[in-house]
Amino acid sequence: MERPASANDFTIGARLSKARVARGLSIDEVARSLKLSPRIVSALEEDAYDRLPGPTYVRGYLRGYALLLGLSAQQLIDGFNNLPQAAQRADMTAPAPVREASSSDTLMRFGTVLVAVIVFGLAALWWSGKDGSTRRRPAPVATAPSSSETPARAPEAAAEPEPAPVPETPAKAEPPVKPAERPAVAAAPAASPEAVATPPPLDPNAPRAHLTLRVSEDSWADVRDAQERRLLYETIPAGRVVNVEGAAPLSVFLGNVEGVSVEFNGQPYDALRHRRGLVARFTLGSSGGN
């Protein structure tokens, strides 16, 4: 006996969960494909919008998830816009709740006042001590000598020595002594920043692969080369033709694969044989065959 359908079976999250299971995808696989955390994917399927950042983000998540599963993104977004959560806004003018004063608050205020009194008292004592020491130190007073005092006699000037005779021939001028030149010091190499792991350079003789995607329905594509360099990662609208070239083999992941025609190195390629629901994942140009 089949279980009668309930209202929860027609929610946005239920439609996403049902479509994901029908395509044989796990929550972790969806999270990796959409570059989201599994927590966000689970919140979308559980209609737990209070666990998501906000309505604008939710609409973006729903659009990407719908395109991956081949659902109508606009229908899901319209359904979300009809929910109360879509219109919620943070009330920035709401007053903060006033908490009743307690005995601990009184003790805290009393302790704060006591500490302030002690600090000001110590500062006053320090300042008064400094001011008193300044007053006790008399300033020197200049006094004029009395008329009875005789100023000390200046010592007699010593007799000037006779100037040394000037030689008839001037001494040969010595060349100025140049300061010793400092040996050139090689500049120390700048400290290199922490090494960042980068993939090894590609072999210039490595085979190149050319991929063409002809999109008749909105789809999503993730294409990477032999070293997992991302060559394409975007939602492709219907009517576009995308050309990708990179080092073989190419890893390809397509959403809504039925709306994409694939050509590899100028030859048609049947991507539907790798289909799992509406998505397909395959490798092109591998040594073991496509």
| field | Of all residues making up the stretch 36-82, the number that are without any contact (Cβ under 8 Å) to a residue 40 or more places away in the chain and either at positive phi or in a loop (DSSP other than H, G, I, E, B) (or both) | value | 10
| Condition check for F253: modelled with pLDDT of 90 or more, out of contact with any helix residue (DSSP H, G or I) (no Cβ under 6 Å at 6 or more places or on another chain), of a type in the set (F, W, Y) and closer than 24 Å to A19 by Cα | yes
| said: Looking at E194, E228 in this structure, which one is modelled with pLDDT of 55 or more and assigned to a loop (DSSP other than H, G, I, E, B)? | reply: E228
| remark: Exception for G24 within (1) in a helix (DSSP H, G or I); (2) surrounded by fewer than 16 Cβ atoms within 10 Å (Cβ to Cβ) falls at (1)
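Yes/no matrix, rows are residues, columns are (1) of a type in the set (S, T, Y); (2) at pLDDT below 55:
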site: K172; (1), (2): no, yes
site: A190; (1), (2): no, yes
site: S216; (1), (2): yes, no
site: Y233; (1), (2): yes, no
site: E245; (1), (2): no, no
site: P249; (1), (2): no, no
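The values are calculated or read from the model by the stated rules, or taken from the named source; none is laboratory data. Bear in mind that the values here come from a model prediction, so they are computed numbers and not experimental data. So basically every Cβ, Gly included, is an ideal-geometry build from the backbone, and we count neighbours across all protein chains shown.
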